[in-house]
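Peer 1: Let me begin by handing over the structure; questions about it come next.
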Amino acid sequence: MKRKISTRFTLITLLIGFMVAIQFRSVQSPEIRDTRDIWELRQAISEQRAIQSQLLAEVSSVESNIKTFENERVDSKEEALRKTLDSLEKEAGLTEVTGPGIMLTFEPLKEELLFGQTTPSITPELLDRLVNELNLYQAKEISIDGQRVINTTVIRDINGETKVDNHSLRSFPFTIIVLTRDMKSANELYNRISVANVIDDFFIDNLTVRIDEPKRGLTVPAYNQPLRIRHMEIVEEKGE
């Protein structure tokens, strides 16, 4: 009997202790409630909306900057391609060029014409030698009778007529304009070509060569003949 009473007393004691512990925990950790009034809540909502609006503005600004950057990158690529194309056209002789240089004028010997001789002609071999000599003396650009000389230019005789590519040298006088890197180079070219043996060879062919002193602002025209492209083929794009 005493054992049963002791057991019941123990259970009741444990139950009471458990309830006291729960009450103590509730007192220690009270539920937090929002005690702000409606005006304070509206103010908080307004502040949050302002922050949201600012964030949206910043996002819009970033997107605009990204778009501007992308456009500038595209423009820079186009600008780079344009500059590359301009450089290649200039290197190929497809653009007019102005700079320092010298001018050579070719005319028949007047004394020989007085004796009834026919108007002399310039041979392609001699003209080719002159061009090679000019290039040897650091000529940068050359035009012959208004015809631009480029890497693929051919000087030849066709049916007794000297031609520079498809341009015929039929009448005198005609000029050769030679551009150099700067005035110093132009003076060096003038001094060298003035005493070159090839100039005397023109005299043997009844031609005089007048070499003007170096000048600034001489112009050679752009190449105006069809370009001959050899050993190149168009690559066809293949699908993936």
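Peer 1: Residue by residue through region 79-104, note down the ones that are at pLDDT 80 or above, under 27 Å from residue 226 (Cα atoms) and of a type outside the set (A, V, I, L, M, F, W, C).
Peer 2: The answer is 95, 96, 98, 99, 101.
Peer 1: Identify, from the list 153, 175, the residue that is touching a residue at least 12 places away in the same chain (Cβ under 8 Å), part of a loop (DSSP other than H, G, I, E, B) and in contact with an Asp or Glu (Cβ under 9 Å, 6 or more places away or on another chain).
Peer 2: Sole residue among the options that is touching a residue at least 12 places away in the same chain (Cβ under 8 Å), part of a loop (DSSP other than H, G, I, E, B) and in contact with an Asp or Glu (Cβ under 9 Å, 6 or more places away or on another chain): 153.
Peer 1: Next question. Being charged (D, E, K, R), farther than 17 Å from residue 123 by Cβ and either in contact with a strand residue (DSSP E or B) (Cβ under 8 Å, 6 or more places away or on another chain) or loosely packed, with under 14 Cβ neighbours inside 10 Å (or both) is the filter here; which residues of region 182-208 pass it?
Peer 2: Of everything in region 182-208, those that are charged (D, E, K, R), farther than 17 Å from residue 123 by Cβ and either in contact with a strand residue (DSSP E or B) (Cβ under 8 Å, 6 or more places away or on another chain) or loosely packed, with under 14 Cβ neighbours inside 10 Å (or both) turn out to be 182, 184.
Peer 1: Here is a follow-up. Would it be correct to say that residue 61 is polar (S, T, N, Q), part of a helix (DSSP H, G or I) and within 18 Å of the chain's Cα centre (by Cα)?
Peer 2: No.
Peer 1: Would you check which residues across region 25-44 are loosely packed, with under 10 Cβ neighbours inside 10 Å and either modelled with pLDDT of 75 or more or of a type outside the set (Val, Ile, Thr) (or both) and list them?
Peer 2: Hits for region 25-44 are 25, 28, 29, 30, 31, 33, 34, 37, 38, 39.
The values are calculated or read from the model by the stated rules, or taken from the named source; none is laboratory data. Computed from a predicted model, the values in this text were never measured in an experiment. FYI the Cβ positions are ideal-geometry reconstructions off the backbone, even for glycines, and counts take in every protein chain you see.
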